[in-house]
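What follows is a set of notes on a single structure, which appears directly below.
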């Protein structure tokens with residue numbers, strides 16, 4: 001094994017050693033040696049040529065989010081890697097394990113403003129978990145090992161390696177056996193038992209306890225443990241946007257999504273609860289609203305693998321640093337005998353009944369879908385979700401990727417999320433429009449036998465739709481795109497309507513005929529303008545053995561409700577049009 | 001906002017100083033001073049950071065998120081030895097020299113350069129003493145001033161020996177520390 005290799009060959013072998021099978025990227029001058037070597041390893045390392053580096057980055061994110069494995073993207077120096085900045089920032093906010101491999105100009109011209117030179121390690125310092133500039137071929141084997149370890153362990157995140165062209169071209173005998181030397185990086189997985197017992201003591205004293213489950217539950221693969229825990233204690237479960245899929249929504253203890261566009265009963269339950277158990281969520285401001293008014297009666301137990309998240313936004317009574325799965329296992333082990341749970345159980349049904357009463361009063365899901373005031377509309381967006389929801393449930397084996405905006409919130413609200421973890425993939429923390437189409441490419445490659453629906457607004461779709469060509473070139477057939485086309489940057493328009501006196505500044509949006517655009521890319525393209533055409537279009541998309549785009553030309557000015565205005569307490573919701 | 005003295009041990013790798021400085025800036029904390037240099041362990045640097053913040057535990061936790069940060073302590077309320085050095089170029093024509101020299105004697109300051117109308121003096125002490133000295137000599141006319149920023153070390157057996165946290169140093173066991 002101790003044969004001489006070029007730096008670029010070492011990069012390929014390092015990736016293969018770490019189990020990487022697919023990479024998304026675009027070549028260019030500085031990264032060419034890597035592409036030269038990649039050809040030799042093409043049976044083990046699949047390269048997907050994207051149309052824009054942003055697409056490559058989101059595809060890597062989609063792959064990572066759909067599998068829990070490392071996503072890899074590649075860009076060349078200068079504009080190639082600056083185009084990766086948005087997906088890297090997105091991965092940082094959503095704790096997605098991706099590796100960005102960047103070509104850099106030769107070390108002899110580094111720092112001299114050479115052609116296509118950009119200080120990408122400087123640019124990405126605040127938006128990566130860690131990054132590297134490698135100038136010496138002898139460092140490559142170690143740096144790749146360390147980088148992938150950092151990206152995929154603890155709280156996962158994006159790691160970038162910038163490699164000078166000469167480091168890829170030079171040859172050396174790689175040393176694969178160097179031990180990791182990371183004295184400052186030792187993530188805590190096992191929770192402190194004393195804290196676990198404190199948490200149980202607090203939960204047993206509760207009369208109105210509540211669980212919030214976030215992305216951490218999905219990343220730790222802790223859904224089973226969460227279900228057991230909730231059932232044992234009979235505590236209702238709220239799932240954040242990124243927690244969707246961690247707990248089935250058809251479970252009697254499931255309440256749905258909280259926050260800015262969460263359900264009224266979820267937000268009211270948070271405001272009323274006396275003990276709040278947050279596992280793997282980071283109390284994002286879209287969940288808490290005005291943080292000082294959040295859960296005023298609750299003592300908070302916060303479980304997170306990242307100690308810096310605990311106490312950052314919300315005051316915590318019992319902090320637990322640890323992996324969600326190991327923490328739930330420890331909690332289950334430390335649970336007292338059934339008799340000791342009697343008092344907790346005694347309150348459980350009253351509390352649940354109270355929450356369900358609030359829910360019935362404001363909106364059961366389907367009641368909301370069939371709102372009376374949509375009758376005059378040719379195609380209310382809600383009809384698309386209602387039909388898609390039924391079609392997906394019948395079809396099974398599906399995953400849904402959403403973009404950012406109104407269509408994203410409707411998807412989170414109106415689809416029934418019962419298909420398990422990693423079936424709902426979206427851009428949360430960064431709110432990156434343009435995420436869905438390229439991310440669906442990564443999801444589709446990871447799960448070739450599932451049907452992947454990318455739901456996207458007409459604004460976000462026009463940011464990255466060139467990846468339709470990538471999907472076609474790669475022969476991917478299991479992607480179906482639903483454009484929720486209202487001719488506006490709809491969420492911004494909604495804010496303008498509600499808070500800025502309907503001054504629609506910069507939000508009306510035109511576009512090409514999306515179905516014909518799709519046809520031009522070799523896809524099947526369908527246009528739907530009336531509610532009675534929705535079902536047929538979805539059926540046709542499912543029946544087609546190839547990528548399909550459906551342009552749903554929905555009613556233009558429809559708002560996402562309920563809504564908590566920014567910086568307001570989640571207790572102050574706009575529930576329907578009538579309150580606005 | 002309260003001032004806090006934070007002592008950090010960090011791996012001596014390229015860019016670690018900008019990582020630390022950048023993190024403190026972007027999280028909205030104000031750095032009053034930051035001093036960095038080699039520690040007793042090759043490959044490990046020791047930093048003393050003085051920050052203004054009412055949420056110092058967040059500063060500490062955020063610093064721990066940096067991969068190269070090994071150990072962070074807020075030593076504000078610990079018994080410590082704190083030192084700072086100042087080098088001053090004073091306006092000191094012949095007539096004023098005698099007074100300046102005697103003032104330096106009071107503060108244990110050293111005269112390291114004498115020109116026709118200026119003197120350079122260096123002075124080391126607690127930050128309070130340095131402050132005091134600067135105020136006392138200010139009336140003579142300070143032409144240039146350079147302060148190192150505070151360095152701090154916890155008294156007694158407590159504290160942080162860098163070798164406790166590190167088996168070997170640098171990405172390739174490199175022992176030549178580089179700071180950029």
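The values are calculated or read from the model by the stated rules, or taken from the named source; none is laboratory data. All of these numbers come straight from a predicted model, not from anything done at the bench. FYI the Cβ positions are ideal-geometry reconstructions off the backbone, even for glycines, and counts take in every protein chain you see.
See the values below:
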{"read-out": "Given (1) surrounded by fewer than 24 Cβ atoms within 10 Å (Cβ to Cβ); (2) over 20 Å from residue A:281 (Cβ atoms), number of the condition residue A:459 does not satisfy", "value": "(1)"}
{"read-out": "Some residue of region A:549-572 being surrounded by fewer than 16 Cβ atoms within 10 Å (Cβ to Cβ) and at positive phi", "value": "yes"}
{"read-out": "So residue B:66, is it within 14 Å of chain A (Cβ to nearest Cβ), closer than 27 Å to residue A:124 by Cβ and buried (at least 21 other Cβ atoms within 10 Å of the Cβ)", "value": "yes"}
{"read-out": "Residue B:20 being more than 10 Å from chain A (Cβ to nearest Cβ) and under 28 Å from residue A:321 (Cβ atoms)", "value": "yes"}
{"read-out": "Residue list for region A:107-126, filter: within 10 Å of chain B (Cβ to nearest Cβ) and either in contact with a strand residue (DSSP E or B) (Cβ under 6 Å, 6 or more places away or on another chain) or exposed (fewer than 15 other Cβ atoms within 10 Å of the Cβ) (or both)", "value": "A:121, A:122, A:126"}
{"read-out": "Residues that are touching a helix residue (DSSP H, G or I) at 6+ places or on another chain (Cβ under 9 Å) and exposed (fewer than 13 other Cβ atoms within 10 Å of the Cβ), drawn from region B:83-107", "value": "B:106"}
{"read-out": "Residue list for region A:148-192, restricted to those being at the interface with another protein chain (Cβ under 10 Å from one of its Cβ atoms) and touching a strand residue (DSSP E or B) at 6+ places or on another chain (Cβ under 7 Å)", "value": "A:150, A:159, A:183, A:184"}
{"read-out": "Strands (runs of 3 or more DSSP E) contained entirely in region B:45-148, each with at least 3 residues that are touching a residue at least 24 places away in the same chain (Cβ under 8 Å)", "value": "B:69-74, B:80-91, B:118-125, B:142-147"}
{"read-out": "Filter result for the condition that a residue is within 13 Å of chain B (Cβ to nearest Cβ), closer than 19 Å to residue B:18 by Cβ and at pLDDT 95 or above, over A:129, A:145", "value": "A:129"}
{"read-out": "Residue list for region A:439-478, filter: farther than 21 Å from residue A:410 by Cβ and not in a loop (DSSP other than H, G, I, E, B)", "value": "A:441, A:442, A:444, A:445, A:446, A:467, A:468, A:469, A:470, A:471, A:472, A:473"}
{"read-out": "Unmet criterion (only one of (1) closer than 16 Å to residue A:257 by Cα; (2) modelled with pLDDT of 90 or more) for residue A:363", "value": "(2)"}
{"read-out": "So residue B:35, is it more than 10 Å from every other protein chain (Cβ to nearest Cβ), more than 17 Å from the chain's Cα centre (by Cα) and either in contact (Cβ under 8 Å) with a residue 24 or more places away in the chain or farther than 21 Å from residue B:125 by Cβ (or both)", "value": "no"}
{"read-out": "Residue match in region A:304-312 (condition: modelled with pLDDT of 95 or more, closer than 25 Å to residue A:561 by Cβ and either within 14 Å of chain B (Cβ to nearest Cβ) or touching a helix residue (DSSP H, G or I) at 6+ places or on another chain (Cβ under 8 Å) (or both))", "value": "no"}
{"read-out": "Region B:42-57, subset within 10 Å of chain A (Cβ to nearest Cβ) and under 26 Å from residue B:163 (Cα atoms), residue surrounded by the fewest Cβ atoms within 10 Å (Cβ to Cβ)", "value": "B:57"}
{"read-out": "Checklist (1) free of Cβ contacts under 8 Å to residues at least 60 places away in the same chain; (2) more than 9 Å from every other protein chain (Cβ to nearest Cβ); (3) within 23 Å of residue B:163 (Cβ to Cβ) applied to residue B:30, failing item", "value": "(3)"}
